[in-house]
Amino acid sequence: MLQQRSTGLANAQSRAREVPEVSVIMPVYNTRQEWLDTAIGSILGQTFKDFELIIIDDGSDETTQRQLSGYKDSRIVYLRLEENMKAAIARNEGLKIARGQYIAFMDSDDISLPERLEKQVEYMESHLGVGLVSTRIGDAEHPRRAERLREANCSKQIECDLLLVGNVLCTSSVMVRREVLHRENVQFCADCVLAQDYKMWLDLLGRTEFGKMDDVLVRYRKRKPNPKRERQEEIACRIQTETLNRKFGVRVDEAEMLVSFLHGKEVSGDGELLLATMNHIIEQLEVGGYKRQYAEASLQWALRKVLHRTRTWRRQLRLIRLLHNNIWRPNLFCRLFCLFTRGIL
């Protein structure tokens with residue numbers, strides 16, 4: 001099932017002797033040739049040199065195999081899965097042999113900017129309590145576009161965002177301490193293949209601190225509309241609901257109501273009940289050690305997205321009346337922006 005070889009000048013003896021500081025794990029499955037070359041080249045061209053790049057060929061076709069075999073670099077370690085096992089299992093195979101103190105994740109169609117590893121290692125060495133750090137991301141096709149900065153990026157705020165907003169971390173921008181994953185026995189969830197990264201971040205809640213750097217160090221290639229998107233959203237909602245219930249004692253019905261609403265699904269019933277549920281979940285998070293201001297900030301971000309998806313004045317007014325002077329009070333500019341960007345006006 002699994003074949004392993006080192007490329008270029010690397011061999012079993014040198015791999016055993018030289019332990020890199022960073023292991024970069026990149027699963028590959030039939031990635032477009034120019035995107036794959038760019039992704040691999042962006043790692044090999046890092047200003048930080050003490051790393052190994054573990055490429056897991058997840059059952060790709062012969063064209064991709066030939067392309068990968070053409071790399072002659074002693075820092076590349078190549079593993080091949082004979083069958084396509086999906087990204088979660090491929091990444092976990094990489095975790096089994098990763099030797100670096102830090103592990104960086106990278107998708108085979110994204111781009112790491114030259115100083116990514118250097119700056120992330122510096123961040124980890126100056127924030128010893130942080131076990132996972134991500135960065136801001138840009139758009140691979142439109143370099144001037146970048147993820148907006150959040151006002152607060154402390155660990156508790158990031159955790160609240162993960163709990164209430166969804167998967168706010170781009171896998172290709174994440175670096176983790178290997179000792180944290182080993183100590184907590186955390187890996188990617190093969191049963192949640194469409195949301196395996198999100199499940200991993202939630203599994204790390206309460207086990208380590210999270211950090212996010214202001215620098216744009218990764219350019220993310222947006223995928224075309226995926227027929228599996230609805231299924232992916234369904235799995236993510238289930239994971240989110242289960243985490244709120246298991247870790248914070250939120251009742252399943254309350255968690256399901258809030259998560260469904262925040263992910264743009266119509267919630268039948270009394271709007272006041274929804275508002276009471278929001279406040280009760282905030283109180284539960286407070287008991288769990290999260291400041292109310294962080295939970296409210298996350299909810300406001302999520303509600304801004306709900307408003308953006310709301311396509312009619314009537315439904316927007318209904319939403320704003322519900323939230324008025326409670327969780328969030330959107331101004332006129334925000335409402336007009338949402339309507340314009342949804343193509344209504």
Helices (runs of 4 or more DSSP H) within region 262-345 that include 2 or more residues exposed (fewer than 12 other Cβ atoms within 10 Å of the Cβ) and at pLDDT below 70: 332-341
Looking at (1) under 21 Å from residue 304 (Cα atoms); (2) touching a Gly at 6+ places or on another chain (Cβ under 9 Å), which one does residue 164 not meet, given that it meets all the others? (2)
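The values are calculated or read from the model by the stated rules, or taken from the named source; none is laboratory data. On a predicted model such as this, the values are computed, not experimentally measured, just so you know. With ideal geometry, Cβ positions are generated from the backbone for all residues, glycine too; neighbour counts draw on all protein chains shown.
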